[in-house]
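Just so you know, all these numbers are worked out from the coordinates, no wet-lab data involved. The shown structure was predicted, so the numbers you read here are calculated from the model rather than taken from an experiment. Cβ coordinates were reconstructed from backbone atoms using ideal geometry, including for glycine residues, and neighbour counts include every protein chain displayed.
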């Protein structure tokens, strides 16, 4: 982990309000694991003052070409334009100077090989699941259940398919795939594959429902959380969530940035977390 | 000119940045503000901890403290509100688990602490009194985000004087008192803590603020209000440091919204002996080394051979 002062290679709108940014980061492939994130900052602009956390979508490699361009390593982030920070980001171009601090956090545990793997993504929460799928597919059957409000929220599913992942799309308004919530699909799949490992990332109500379903079916679940964050390295304590057994007398706060963003479901106090307002405010960045 | 000759040239003209506060010798006048730098180790991957003037820890209490509910932070224009609520491991866990890491680093460690009651302030000071690795204490009487302790002591000159006097009894360590700006006249409290035995003053802590989500109509912090920090508060901080420097004889550490070397220089020029960098650490983990380098470059360009020539050099 370090702070890279670098440049944007590309920044494109991939669906209405959703962008994919490719950033030059030397040797990132060696250090970034599935579930890691970076703290992003536009080098030359203030506001916004604070960096924004983004899950790493994927790392990649551009080979040297015959025009003399050297080989380049990069990382990609996907983001939805929701606030001041992401609006500024959406206006950036190739060559613009940015800083990324990372890779940060604790990523996914790969679980046991050869067991069924079910990934559940809600909207932009899909982001950290791609690198995970790329890793898991080497040894296991991987299924992606992707949910969103409407068809615009369903992004990059075809890229999962290219990895060999079986994908199931659902939208709340039925404009793409099955009509309804992604959690209904999860219920069905778990009845069919009762020994699956589940991995999820998405809005808090979705995660909470996924957690209840997985607890009922007694299958292991890992979740990647979003949170408001100032530092990303465990210093500001702004991004804490309540761990299981938390009370005012016996505080069990966990730092999303340092002890997460990936947690095993049983580490967290789901009832108290759901009560905490703004817990998923990170989506607003 | 060869690269090597240039380097020698620069070394010859390298200004002396060392300062001393209440017997704590620092290589340069730049240190982190408490609560923005964890216990030091969080930032070790990003900068050489031996490069900075001192390390100031997250505020410690007698017992571990849970802190406030979330959301605890909210970004505002050129600043941020926080209401962390002094979450910390407690003084004993600090000594056992956090101090060994700091022991290996050749930089003075200043321990920030607070109490819920007068007695707790005294007890924490006593537990830190005989620990050789602790170079100095920073007494927090200014946190705006907790019900007891902190600001209750910092807004009343009599209470401030009482807590400083008690801590003074329990510890011979250099004692820095961190003041709140949330008072009508900061010089009244500054004089009170000086008279009670403080060796230095650090100001300012955050300004109490509030932000509202207009859609939900709820405060953006679970604590409703929080402490405002960042560049937004710098002019207020510079003004208050200037006032306090005029009011007391003990050294003053300036803090509030410093992001770059120019910001730090403002504080030094109005008379701060050293500065603390807070929110900027979150934005750029290398903010402090960059500020130190910037101060050095400024001194070279201005023909200043010793940073002390700059301190208090304001032309009024």
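What order do you get for B:259-266, A:122-129, B:183-190 when each peptide is scored by the mean count of other beta carbon atoms within 10 Å, highest first? Could the numbers behind the result be given before it?
Details: B:259-266: 19.8, A:122-129: 25.9, B:183-190: 18.0.
Per-residue mean Cβ counts within 10 Å order the peptides as A:122-129, B:259-266, B:183-190.
The angle separating the long axis of helix B:3-12 from the principal Cα axis of greatest extent in chain B is about 60 degrees.
Each of A:219, B:252 was scored by other Cβ atoms within 10 Å of its Cβ. Listed from fewest to most, they are A:219, B:252. The Cα atoms of the range B:97-238 define a convex hull whose projected area, averaged across directions, is 10.3 nm².
Using the C-alpha gyration tensor of chain A, what are the square roots of 5 times its eigenvalues, in whole angstrom, with the largest one first? If you can, show how the numbers build up before the last one.
Values: eigenvalues 166, 108, 66 Å².
Ellipsoid semi-axes (Å, largest first): 29, 23, 18.
Relative contact order for chain B: 20 percent, from Cα pairs under 8 Å spaced at least 6 residues apart, divided by residue count. Listed from fewest to most Cβ neighbours within 10 Å, the set B:72, B:126 follows the order B:126, B:72.
Averaging the sequence gap over all C-alpha pairs within less than 8 Å and six or more residues apart, then dividing by the number of residues, gives the range A:2-104 a relative contact order of 42 percent. Take every DSSP beta bridge whose two residues both sit in chain A; close to 60 percent of them are antiparallel. Taking the longest Cα principal axis of chain B as reference, the axis of helix B:287-302 is set at about 40 degrees. Its DSSP H runs of at least 4 residues, each contributing -39,500 (n - 2.57), put the calculated 222 nm mean residue ellipticity of chain B at -9000 deg cm²/dmol, to the nearest 500. Hey, how many Å between the Cα centroid of the range A:131-180 and the Cα centroid of the range A:29-107? Their Cα centres are 23 Å away from one another.
Look at the alpha carbon pairs under 8 Å that are at least 6 residues apart: their mean separation over the length of chain A gives a relative contact order of 17 percent. Per residue, the convex hull around the alpha carbon atoms of chain B comes to 139 Å³. Among B:77, B:270, B:167, a tally of other beta-carbon atoms within 10 Å of each Cβ gives an order, fewest to most, of B:77, B:270, B:167. Global dimensions of the range A:2-104 from alpha-carbon coordinates: Rg and Dmax equal 13.3, 41 Å. For the protein assembly as shown, the Cα-based Rg and Dmax, in that order, read 25.7, 80 Å.
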